[in-house]
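Peer 1: Quick one: the structure is below, questions incoming.
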Amino acid sequence: MKVLIATPYYLPTVGGLETYVREVAKGLARIGWDVVIVCGDRDAKTMSSEILEGYTLYRLPFWLTVSNTPLDPRWPAMLRKIVKFEKPDVMNVHTPVPSMALAALFVPKRTPLVVTYHAGSMRKGRALTDLVISCYEATLLPWLLNRADSIVCASSFVRERFLTRWHDKSMTITPGVDIQQFVPTNDTPAGKRLVFVGDFRDPRKGLNVLLSAIKNLPDVSLHVVGEGGALTQDQVTFTGIKRGAELLRELNSAKALVLPSTTDAEAMACGLPVIGSNIGGIGGVITNGQDGLLVPPSDEKALESAIDVLFSDEAVRAQYGRAGRRKAVREYSWTDRISDTARVLEAAL
Amino acid sequence: MKIAIVSDSIYPYHKGGKETRIFELSTRLAKAGNDVHIYTMKWWDQPGRIRKENGVTLHAISRKYKLYSGGRRSMVQGVLFGVACFRLLSEPFDVVDVDHMPYFPLFSMWIVCRLKRKPMTATWHEVWGGSYWRDYLGHLGFIASLLERLTVRIPDHIVAVSEFTAERLETILHSQKPITWIENGIDTAAIRRLKPSKQTSDVVFVGRLLSHKNVDVLIRAVAILTRKRPDITCLIISDGPERPQLERLSAKMGVSDNIVFTGFIEHDVDKFRLMKASRVFAHPSTREGFGIVALEALACGLPVVTTNHPENAARYMITPEIGRICKPTPQSLARAIESVLNDQDLRDTTEVARSFDWRVSARALEKVYAR
């Protein structure tokens, strides 16, 4: 079985979409699929091909980028050429960045199409850009989604709220965790270090609640991983954005993760208990009193005592960590997600 | 360092000694941290003019023209590929290494390098000279040999693949440019890992059975050796048009029981196993450009007996510690084989082979480029 995966960006650019595509490509190749990836590359001058990690990768050059969207009128012809040569059984296009999706519309209809949709609306709050995006989302996007044989959503939010019209032919496959990379260390880190991962400029993440909570716990230190300017407070270190091995190191030298956004599954895979607010999707990841603690949002006192509970009883902390690792392996490994993806692709034939 | 290599034919799309050399060296240069680009014809079928393989970037500067027409290198292909080399005008590079075949690229690359003010290195695999060219091409051979003489004046630095080629560049083509000879290598580690075959022998020969390989001399030498050593065994590996005559000869000399013709052996590994189960490598050839089999024999731990013929490049590798050089006559060859079989003071030949390491050659080449 041969699949052609089209994505606007790929390695060496890093990001959620790139990681998702790479895991799917590696995973499908491992279970015997023939995988071809086509991506845009801002450094490419001409179309190139290479063999990487068991799959073929084509890089396409492009002329300009508008609002993170690579644009080049030659892409449809290039993609057609590659499809003609590689003869994939099925095509998998990754969006919302529309460039590859548009190019895919020019590929003859006999190749089945599966669209993977990563985020909700691309609207950004800038008038002109939003106008263009609204036009796209009202015209070309429905055309693409109607043409698609099935749709994979990277989160249930996308499926339930944004792509409601296509609910019948869509399914959710959330990104997994690389449970081979994110593993617990053998030795317990010294000290009482907490780690927070996420874009903390966003007030909804509640870093300020955490900062005031730890003021009363003087021997607790906090590493803040993510984008945003440095704040000054004793006990706190800002590390900037970390991914992969660097993120692993940050997680493994801390004793617990607090108020997470999307890193909870990674932290659990590392055997870290997670403290989160009982809000949104977080409640679905943490089981209170088993692999972490849930506190009411914006409640400094509750957060403070939760941190205190974990740090005062090492046995409880270790037990939560082990339970978290088990859950990550059971529910967040890529293996099941790869077989789900393979099933969707096969069904499209 | 950004290294550009210009060669119209590449491994694994076209297999030969030259292609293997470029492959082994370019991948090692890339591994050492260089940005290596090979400019060639579009050998691959995948769309796109660029292809990355084993850390090296391949650029198609022309479509795939036929290399041979009527059994000979095509002149048209040479000219077209030569013109295509002007594409390197828009390519950034620190040094360029141009394959001397098919000569025309050297002219266009000379212009490219002058305009870009970059040093130009050329790699010479073999020197043919006037008489050989006349045999190969007839009247046109005169023009070709003139081209050959002209092109040695173009590069700033010449890399010869053997001391033999380096010598001929000076004596036959009268090259005035600095010449560095950087030999081919061999993967000694891979050979060392192989288990010797169960089929043991005293003497082994490897090569196509062609008249200039002088296998008849070896058979006669074995006949002489049987007087002292009636049980001596000699393995003749590979095949060729001379085989029936050679088999008749060995029957006539009464050594059919001593000599075994293995026929063509498909996998190198099996060939190396048989060599490792032998004691001396007989290499009576009178014409070798580099003599890669002699090197393979050393890597298999065999002392090598070869001839002192002027067109045999293999003789440059052999010293009394690792073999013998003899005249291409049965008596001389028999004496040399006997002497090696009795010699207790031979060095470990694999050590010598190890100095013909692709890694060593790649480092030497890197030094030439860095100049």
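Peer 1: List the longest stretch of chain A that has no exposed loop site; here a site is one of the chymotrypsin sites (Phe, Trp or Tyr not before Pro) assigned by DSSP to anything other than H, G, I, E or B, with at most 14 other Cβ within 10 Å.
Peer 2: Between the exposed loop sites, the longest stretch runs A:107-349.
Peer 1: Let me ask something else. Collect residues whose amide H, placed 1.01 Å from N in the peptide plane, falls under 5 Å from the amide H of A:Thr116; neighbours closer than 5 in sequence don't count.
Peer 2: A:Val93, A:His94, A:Thr95, A:Val152
Peer 1: At 1.567 mPa s and 4 °C, plugging the Kirkwood radius over alpha-carbon pairs of region A:192-331 into Stokes-Einstein gives what diffusion coefficient in µm²/s?
Peer 2: 89
Peer 1: What does the charge dipole of region B:248-311 about its Cα centre add up to, to the nearest 20 debye, if the Cβ of each Lys and Arg holds +1 and the Cβ of each Asp and Glu holds -1?
Peer 2: 240
Peer 1: Something else: Determine ³J(HN,Hα), in whole Hz, for all residues of region B:265-272 in sequence, where each value follows from phi through the Karplus function 6.51 cos²θ - 1.76 cosθ + 1.60 and θ = phi - 60°; x replaces Gly and Pro.
Peer 2: After applying 6.51 cos²θ - 1.76 cosθ + 1.60, I find 10, 5, 9, 3, 4, 5, 4, 5 Hz.
Peer 1: Give a quick list of GluC sites (Glu not before Pro) in region A:1-80 that DSSP marks as loop, anything other than H, G, I, E or B, with at most 16 other Cβ atoms within 10 Å.
Peer 2: A:Glu53
Peer 1: Still on this structure, I have one more. List the residues whose amide H sits under 5 Å from the amide H of A:Leu293, counting only those 5 or more places along or on another chain, with H placed 1.01 Å from N in the peptide plane.
Peer 2: It is A:Val274, A:Ile275, A:Gly276, by chain and number.
Peer 1: Which order do B:His37, B:His212, B:His125 fall in if you start with the one that has the fewest other Cβ atoms within 10 Å?
Peer 2: Taking fewest neighbouring Cβ atoms as first place, the list is B:His212, B:His125, B:His37.
Peer 1: Normalised by the empirical 2.2 N^0.38 Å for globular proteins, what value does the Cα Rg of region B:188-354 take?
Peer 2: 0.93
Peer 1: What net charge do the residues around A:Asp178 carry, taking every other residue with its C-beta under 12 Å from that of A:Asp178, with Lys and Arg at +1 and Asp and Glu at -1?
Peer 2: Net local charge, A:Asp178 excluded: +2.
Peer 1: Another question, then. Can you tell me the dipole magnitude for region B:188-354 around its Cα centre, using point charges on the Cβ only (Lys, Arg +1; Asp, Glu -1), in Debye to the nearest 20?
Peer 2: 140
Peer 1: Moving on to the next point. So how long is each side of region A:72-149 along the principal axes, counting just the alpha-carbon atoms, biggest first, in Å?
Peer 2: Ordered largest first, region A:72-149 gives principal extents of 41, 25, 18 Å.
Peer 1: From the backbone phi of region B:220-229, what are the Karplus-calculated ³J(HN,Hα) couplings (6.51 cos²θ - 1.76 cosθ + 1.60, θ = phi - 60°) in whole Hz, Gly and Pro given as x?
Peer 2: 5, 5, 4, 4, 5, 5, 5, 4, 8, 10
Peer 1: Given H placed 1.01 Å from N in the peptide plane, which residues other than close sequence neighbours of A:Ile37 have an amide H under 5 Å from its amide H?
Peer 2: Amide H to amide H, under 5 Å and 5 or more residues apart or across chains, A:Ile37 pairs with A:Ile5, A:Thr56, A:Leu57, A:Tyr58.
Peer 1: Moving on. Along the charge dipole of region B:188-354, which of B:Thr319, B:Val255, B:Ala353 sits closest to the positive end, that is, farthest toward it, with unit charges on the beta carbon of Lys, Arg, Asp and Glu (+1, +1, -1, -1)?
Peer 2: Value computed over the given set: B:Val255.
Peer 1: Give the residue list of trypsin sites (Lys or Arg not before Pro) in region B:63-162 that are DSSP loop and have at most 12 other beta-carbon atoms within 10 angstrom.
Peer 2: Those satisfying the criteria are B:Arg63, B:Lys66, B:Arg117.
Peer 1: When the helices in chain B are scored as -39500 (n - 2.57) per DSSP H run of 4 or longer and the sum is shared across all residues, what 222 nm value do you end up with, to the nearest 500 deg cm²/dmol?
Peer 2: Mean residue ellipticity, 222 nm, calculated: -11500 deg cm²/dmol.
Peer 1: Evaluate E = 1/(1 + (r/R0)^6) for B:Thr200 and B:Lys252, where r is the Cβ-Cβ distance and R0 equals 25 Å; express this FRET efficiency to the nearest 0.05.
Peer 2: The pair B:Thr200/B:Lys252 has a calculated efficiency of 0.45.
Peer 1: Measure off 7 Å from each Cα along the Cα-to-Cβ vector at A:Asp43 and B:Asp345, then give the distance between these two points in nanometres to one decimal.
Peer 2: In this crude label model, A:Asp43 to B:Asp345 measures out at 5.8 nm.
Peer 1: Sticking with this one: Residue by residue through A:83-89, how many Cβ atoms from other chains fall within 10 Å of the Cβ on average?
Peer 2: Mean shielding by partner chains, rounded to a whole number: 1.
Peer 1: A follow-up question, please. With only Lys, Arg, Asp and Glu charged, each at its Cβ (+1 for the first two, -1 for the last two), find how big the charge dipole of region B:299-351 is about the Cα centre; round to the nearest 20 debye.
Peer 2: In debye, rounded to 20, region B:299-351 gives about 240.
Peer 1: A follow-up question, please. If I take R0 = 22 Å and measure r between the Cβ atoms of B:Arg63 and B:His14 in this structure, what FRET efficiency does the formula 1/(1 + (r/R0)^6) give, to the nearest 0.05?
Peer 2: Taking R0 as 22 Å, the efficiency between B:Arg63 and B:His14 is 0.90.
Peer 1: Based on alpha-carbon atoms only, what is the radius of gyration of region A:1-137 relative to the globular estimate 2.2 N^0.38 Å?
Peer 2: My calculation over the Cα atoms of region A:1-137 gives 1.02.
Peer 1: Could you please report the charge total around B:Ser62, scoring K, R as +1 and D, E as -1 over all other residues with beta-carbon less than 15 angstrom from its beta-carbon?
Peer 2: Combined, the nearby Lys, Arg, Asp and Glu give +4.
Peer 1: Quick one: what are the phi-derived ³J(HN,Hα) couplings along region B:60-65, Karplus 6.51/-1.76/1.60 with θ = phi - 60°, whole Hz, x for glycine and proline?
Peer 2: These are the phi-based 3J(HN,Hα) values: 8, 9, 8, 6, 7, 8 Hz.
Peer 1: Hey, another quick one. Could you list the residues of region A:95-118 with an amide nitrogen less than 18 Å from a label point located 7 Å from the Cα of A:Thr19 in the Cα-to-C-beta direction?
Peer 2: Residues A:95-96, A:117-118 qualify, since their backbone N sits under 18 Å from the label point.
Peer 1: I've got another one for you. Grab the eigenvalues of the alpha-carbon gyration tensor for chain B, scale each by 5, take roots, and send me the semi-axes largest first in whole angstrom.
Peer 2: 40, 22, 19
Peer 1: With bins 20 Å wide starting at 0, give me the P(r) of chain A over every alpha carbon pair, in whole percents.
Peer 2: P(r) over chain A, rounded to whole percents: 28, 52, 19, 0.
Peer 1: Which GluC sites (Glu not before Pro) in region B:247-289 sit in a loop by DSSP (not H, G, I, E or B) and have at most 11 other Cβ atoms within 10 Å of their own Cβ?
Peer 2: Of the GluC sites (Glu not before Pro), the ones in loops of region B:247-289 whose Cβ has at most 11 other Cβ atoms within 10 Å are B:Glu266.
Peer 1: Something else now. Across the Cα atoms of the protein assembly as shown, what radius of gyration and what greatest pairwise Cα-Cα distance (Dmax) are found, in Å?
Peer 2: When restricted to the Cα atoms of the protein assembly as shown, Rg and Dmax are 34.3, 106 Å.
Peer 1: If you don't mind, there's one more thing I want to ask. What does the charge count around B:Ala166 come to, taking other residues whose C-beta lies under 12 Å from its C-beta (Lys +1, Arg +1, Asp -1, Glu -1)?
Peer 2: -3
Throughout, read-outs are computed from the coordinates displayed, never taken from laboratory work. These numbers were taken from a predicted model, which means no experiment stands behind them. All Cβ positions, glycine included, derive from the backbone under ideal geometry; neighbour counts span all protein chains shown.
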